[in-house]
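The values are calculated or read from the model by the stated rules, or taken from the named source; none is laboratory data. What you see is a predicted model; the values in this text were computed from it and never measured. Neighbour counts are summed over all protein chains in view; Cβ atoms, including those assigned to glycine, are modelled from backbone coordinates with ideal geometry. With ligands, DNA and RNA removed, areas are computed over all heavy atoms of the protein, side chains included. Shrake-Rupley method; radii C 1.70, N 1.55, O 1.52, S 1.80 Å.
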Amino acid sequence: MSDFFGDIKPVIYEGPESSNPLAYRYYDPKRVVMGKTMEEHLRFAVCYWHTFCWDGVDPFGQSTMPRPWDKPADAMAGARLKAEVAFDMFSLLGVPYFSFHDRDIAPEGATLAESNRNVQEITDLFAEKMQETGVGLLWGTANLFSNKRFMAGASTNPDPDVFAYSAAQVKNAMDVTHKLNGQNYVLWGGREGYETLLNTDTKRELDHMGRFLNLVVEYKHKIGFEGAILIEPKPQEPTKHQYDFDVSTVYGFLKKYGLENEVKVNIEVGHAVLAGHSFEHEIAMANTLGIFGSIDGNRNDYQSGWDTDQFPNNVPEMAVAMYYILQGGGFTTGGMNFDSKLRRQSTDPADLLYGHVGGMDTCARALLAAAKMHEEGSLQSQVNQRYAGWDSEVAQAMLSEDASLESIAARVEREGIDPQPQSGRQEYYENLVNRFV
Ligand code: XUL
Ligand code: CO
């Protein structure tokens, strides 16, 4: 155990009446909700990057939270200390999973081979710590956006050597994710997009990205990795136009490159907001298209226009999202990853715990509300009633291959069909939801 968190004790469930800021008031891991424990439903993960690599710099100011493992004389010693603190924190919180990019966990070497060796060395340490603590890996990924070599993209880079380098880096990240029994492997297209059309061949770039993802899927099968491959949509930032704009755009891309049965999505709350959607819209689309995978649960500031990666703290919003996650059957390989970072002025080690404790309680309370909405059932039954006309044989016949525009038109004329408006009762539905949250 490191001394980073001082004498802070493990966070435990104390119930809604507790005023202890480092206790769970709703997250009771073993409590059974709709046939599963809260721990099994929520599958919480702490992300490595914002939690252990974010030091508070912004475009106007320097680091506000330098950490003891930053910039040591021996970079690998720093990486080992960081791992020590990370696993202390996972244990203090009692989270079942974590997630990382290759570059979060170990310093980049002079060559890719050296960088890969550094990553392997730290993941060997992770394997021991995972064994000791029982913490699992929700997902691994490769950072293909920070180094300047990726400034014009990774698989979509005009330079084929960058495509090759990216493939080699992803191979190593997949190998270590597989070794650590990762539940998923994620690809966020960090700079897979463009700044100006004037210097960009979008046809080539999409074809290269499609081929790259096929290489990833082929490799997954070759090594027997059983986790899911996930794409994380985001509409902009860092590039102005990103190819993985939102869930529906990603689905179109997967279809075009024959991957719709191989790849799912990791939906991030803040990215949905940046795309002009609600979080629940993205979940509902992923359920509808059969590609729901996992969640990055960080909310976005609604006014800022960029990605603020804040811890979730809005129960009514999260409850509606949770309702649709449950409606789709809940997580399988996925989970609730906190891709969330502290605000720049939150400089105490304990702030890392407050952020996660609050986020976990928000999700737990939202789960309880969403489960009640499902169990009570009137929201679903009102929706069913709204579409009840489609249960009739004549309505279904219109969808069969025997139907044609002429046959439908003839029936409308024969029967004098003249539809009358029926209320969608939006306010009624909104009030219904508010009974539970
Ligand atoms: C960036 C983002 C990433 C991915 C992993 O906005 O969300 O951290 O989650 O690369
Ligand atoms: Co994310």
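For the stretch 324-334, the criterion of being assigned to a helix (DSSP H, G or I) and of a type outside the set (A, V, I, L, M, F, W, C) is met by at least one residue.
Screening V217, V247 for residues that are of a type outside the set (K, R) and within 16 Å of ligand 2 (Cβ to nearest atom) leaves exactly one candidate, V247.
Taking the criterion of being within 16 Å of ligand 2 (Cβ to nearest atom), under 18 Å from E280 (Cα atoms) and of a type outside the set (F, W, Y), the residues of the stretch 325-349 that qualify are G334, G335, M336, N337, D339.
If the condition is being surrounded by 18 or more Cβ atoms within 10 Å (Cβ to Cβ), in a loop (DSSP other than H, G, I, E, B) and touching a Leu at 6+ places or on another chain (Cβ under 7 Å), then the stretch 61-91 contributes only W69. Among the criteria (1) open to solvent by 10 Å² or more (accessible area, probe 1.4 Å); (2) closer than 30 Å to A23 by Cβ; (3) more than 16 Å from ligand 1 (Cβ to nearest atom); (4) in contact (Cβ under 8 Å) with a residue 40 or more places away in the chain, the one G134 does not fulfil is (4). State all residues of the stretch 363-394 that are among the aliphatic types (A, V, I, L, M) and either in contact with a Gly (Cβ under 6 Å, 6 or more places away or on another chain) or touching a residue at least 40 places away in the same chain (Cβ under 8 Å) (or both); if no residue qualifies, say none. Within the stretch 363-394, A364, A366, L367, L368, A369, A370, A371, M373, L379 meet the criteria.
Checking each residue in the stretch 113-131 for being hydrophobic (A, V, I, L, M, F, W, C) and either within 24 Å of the chain's Cα centre (by Cα) or open to solvent by less than 30 Å² (accessible area, probe 1.4 Å) (or both) picks out V119, I122, F126, A127, M130.
Kindly indicate whether any position in the stretch 98-106 is acidic (D, E) and open to solvent by 60 Å² or more (accessible area, probe 1.4 Å). Working first, answer last.
Going through the stretch 98-106, the residues acidic (D, E) turn out to be 102, 104.
Keeping just the survivors that are open to solvent by 60 Å² or more (accessible area, probe 1.4 Å) gives none.
No: the stretch 98-106 contains no residue that is acidic (D, E) and open to solvent by 60 Å² or more (accessible area, probe 1.4 Å).
Every listed requirement among (1) more than 16 Å from ligand 1 (Cβ to nearest atom); (2) more than 23 Å from F145 (Cα to Cα); (3) within 24 Å of the chain's Cα centre (by Cα) is met by K82 save one, (2). Just one of the listed residues (M322, M360, M318, M285) is surrounded by 20 or more Cβ atoms within 10 Å (Cβ to Cβ), closer than 28 Å to N434 by Cα, free of Cβ contacts under 8 Å to residues at least 40 places away in the same chain and away from ligand 2 (no atom under 16 Å from the Cβ), and it is M285.
Does the stretch 148-168 hold any residues that are out of contact with any Asp or Glu (no Cβ under 7 Å at 6 or more places or on another chain) and under 17 Å from R103 (Cβ atoms), and which are they? Across the stretch 148-168, the qualifying residues are K148, R149, F150, M151, V162, Y165, S166, A167, A168.
Has the stretch 285-297 got at least one residue that is in a loop (DSSP other than H, G, I, E, B) and within 16 Å of ligand 1 (Cβ to nearest atom)?
Checking the stretch 285-297: at least one residue is in a loop (DSSP other than H, G, I, E, B) and within 16 Å of ligand 1 (Cβ to nearest atom).
Tell me, which residue of the stretch 4-24 that is in contact with a Phe, Trp or Tyr (Cβ under 8 Å, 6 or more places away or on another chain), in contact (Cβ under 8 Å) with a residue 60 or more places away in the chain and open to solvent by 40 Å² or more (accessible area, probe 1.4 Å) is nearest to G359 (Cα to Cα)? It comes out as P21.
Just one of the listed residues (M34, M38, M1) is surrounded by fewer than 16 Cβ atoms within 10 Å (Cβ to Cβ), among the aliphatic types (A, V, I, L, M) and within 25 Å of the chain's Cα centre (by Cα), namely M34.
Looking across the stretch 176-209, the residues that are part of a helix (DSSP H, G or I) and either among the hydroxyl-bearing types (S, T, Y) or surrounded by 18 or more Cβ atoms within 10 Å (Cβ to Cβ) (or both) come down to V176, T177, H178, T202, E205, H208, M209. Comparison of I229, I267 shows that the only residue that is crowded, with 21+ Cβ neighbours inside 10 Å, within 13 Å of ligand 2 (Cβ to nearest atom) and within 24 Å of A321 (Cα to Cα) is I267.
Restricting attention to the stretch 92-121 and to residues that are in contact with a Gly (Cβ under 9 Å, 6 or more places away or on another chain) and in a helix (DSSP H, G or I), the residue that is nearest to ligand 2 (Cβ to nearest atom) turns out to be D102.
Residue pairs whose Cβ atoms lie under 9 Å apart, separated by 6 or more positions or on different chains, with the first residue in the stretch 85-103 and at positive phi and the second in a helix (DSSP H, G or I) and open to solvent by 10 Å² or more (accessible area, probe 1.4 Å), are G94/E39. Can you tell me which residues in the stretch 137-151 are of a type in the set (G, A, S) and open to solvent by 60 Å² or more (accessible area, probe 1.4 Å)? Matches in the stretch 137-151: S146 only.
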